[in-house]
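Below: one structure, written as structure tokens.
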Amino acid sequence: MKNILLSSAAIALLAGAASAEVTWSGDAEIGYNDDFEDGVYWDAGLYVNMSQELNNGWTASASLDIDLEDNSQGSTYTLGDVDSSDWVVSLSNDMFSLSFGDVDTAMASFDYVTGLFAATDAVDDALGLDTLSDDSSDYLGLPDDTDAGILISATYGQFSGAYSALSVEGEIGAQQLFLGGDFDVVEVGFFYQEEDTDYALASEQYALTVAGSFAGFEVTGSYGKTDYFGFGDGSAYGIEVAYPVGALTLGAYYTGYDVDGADLDGAYGISVDYADGPITVAAYYGVGTMFDGTNIIDDGAEYAIEGAYDFGMGLVVTAGYIDGDDDTDDDLATYIVAEYDLGGGATFLASYADANSTAAKTTDDIDTGVNGYELYSGATMALSFEF
């Protein structure tokens, strides 16, 4: 009888363990670059995802990203630096989700015309402040002692909403709210952020966006008010239009500003995207605004033309020219990339990026608009694996 009871307990324990899901994945890369690192570099990552079904349709989950890297030339290939990031703990069902950790802000759910918050974007960029996560909207500068964030989201029929707040040294601040509705013909979104300068450069902001399709055009209109630092209250308004014609999509936007004490020109841009079979082409031209620490000034023009061709059998070649507005822009280069899929999550990449700014020559963050590469300046050969 004792053996039967022990066996029953073991079965019950295993049944409980089986209901939880824990998955591990990872990636690794080793490469050679003749410019940025002047030698061999490598990095690796380990990703953990855990979930457990609870009663009444609820699910608890957690995720963690562990990065291992050592980019120093002459490395003995020891473990190197270990950093953990992107950790999130959440509780969710079909309608609600509560997440804590490296989460998006509520503004990540809000779609608005390009450049609507350009002045506050530029303030945060000029001061070099970080964001909560790579996926968060980059308009909000956060202090170094930010612990994490809270994100609550909900959906009910055609309605959706999100609330977020920062946790800084255990105190809640910089709260945001998003409300949205999809009414088939049009979609509507509303965003609000409270003023909270104790925790971040968070001025009071609110904005409204309406989007819909009319006669083949996809049209988005936005209006917002905020405090443009050093100038007082101001407003921004804009319209963005996309027109798909078969494999071709034409786009354009304009955003105007009305800011107390500032003579601020509007932001505008045009784009052309083409994707058909093995060919992908993208081009854009845009003019925005920036903040130099004292004044809001014209940002100059940014433009690019990029394209890719899929030769089949796993080989894709991508090339382009990206030009920004000043020497502080990292994405300034002429580049070409050949990537070959080896199967099973393994790829071989050969690239050359001719950086045309001082900043771009000292970074590994030359971002391409087509196929989303992050390139080193100079010639690179790299072998990557996903597990």
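Laboratory data are not the source of any read-out in this text; all were calculated from the coordinates shown. None of the values given here were measured: they were computed from a predicted structure. Note that each Cβ is placed from the backbone with ideal geometry, even for glycine, and that neighbours are counted across all protein chains shown.
Results, tabulated for the structure shown:
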| quantity | calculated |
| --- | --- |
| Approximate spin-label separation T59-M313, in nm, with each point projected 7 Å along Cα-to-Cβ | 4.1 nm |
| Per-residue ³J(HN,Hα) for the stretch 150-160, Karplus 6.51 cos²θ - 1.76 cosθ + 1.60, θ = phi - 60°, Hz, x for Gly and Pro | 10, 10, 10, 10, 8, 9, 8, x, 8, 9, 8 |
| Under the Karplus curve 6.51 cos²θ - 1.76 cosθ + 1.60, θ = phi - 60°, whole-Hz ³J(HN,Hα) for the stretch 269-282, x wherever Gly or Pro sits | x, 10, 8, 9, 10, 9, 9, 8, x, x, 9, 10, 9, 9 |
| Modelled FRET efficiency - R0 22 Å, V40 with T334, Cβ distances, 0.05 increments | 0.30 |
| Full-stretch length increase - Y206, D27 - with 0.36 nm per residue and alpha-carbon distance subtracted | 60.4 nm |
| Mean Cβ count within 10 Å, highest first, over the residues of peptides 185-193, 92-100 | 185-193, 92-100 |
| Efficiency of FRET between F183 and Y274 - r from beta-carbon atoms, R0 25 angstrom, step 0.05 | 0.20 |
| Length released on extending from E171 to D111, taking residue separation times 0.36 nm less the Cα-Cα span | 18.8 nm |
| Efficiency of FRET between V245 and Q158 - r from beta-carbon atoms, R0 30 angstrom, step 0.05 | 0.55 |
